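Worksheet: the structure to be examined is printed underneath.
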Amino acid sequence: MCKETPRCSIIAAATAGFERPQDCKVTVQLKTEGGISIRLHGANAHMFDRSIRQSAEDALRKLDVFHADVELMDFDSLDFTIRARVATAVRRAVCELQKAGAAVE
């Protein structure tokens, strides 16, 4: 995760999802720079690492997010669930930015 420094600051964070079977809990921290970082947790995350990362990256790319830290706790969720949870967390973070009066690009 991004440690807030003069070069890389966290501008918003949000969470989506639940810790229950066939779901995942996603926390997204939007940053000013530093690219995408995805940390996976879960009993079977090591077996499906590549497909989980691909689903999360697809969701971020679709929303034009290029700098974020994502922490994903997987409870055997399907790819559409991962994409939906990542998208929801990003939208919530953007909403927080808008409430704070920050310009969203």
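Karplus-based coupling profile of the range 15-22, in residue order and whole Hz: 10, 8, x, 9, 8, 9, x, 6, with θ = phi - 60° in 6.51 cos²θ - 1.76 cosθ + 1.60 and x standing for Gly or Pro.
Rounded to the nearest 10 degrees, the angle from helix 49-62 to the longest Cα principal axis of the chain is 40 degrees. Placing +1 on the Cβ of every Lys and Arg and -1 on the Cβ of every Asp and Glu, with nothing else charged, gives the chain a dipole about its Cα centre of roughly 140 debye.
Based on DSSP H segments of at least four residues, each scored -39500 (n - 2.57), the chain has a per-residue ellipticity at 222 nm of -11000 deg cm²/dmol. Each listed q (0.15 Å⁻¹) maps to a log10 I(q)/I(0) for the range 10-98 from the Debye sum over equal C-alpha point scatterers, namely -0.46.
Using only Cα atoms and rounding to the nearest 10 degrees, what angle (0 to 90) does helix 79-99 make with the longest principal axis of the chain? Long axis of 79-99 versus the principal axis of the chain: about 20 degrees. Of the chymotrypsin sites (Phe, Trp or Tyr not before Pro) found in the range 21-105, the ones in coil according to DSSP and having at most 16 other Cβ atoms within 10 Å of their Cβ are F66.
Just so you know, all these numbers are worked out from the coordinates, no wet-lab data involved. Note that the structure is a prediction, hence the values are computed from the model and not measured. Because the Cβ atoms are built from the backbone with ideal geometry, glycine has one as well, and the counts that use them run over all protein chains shown.
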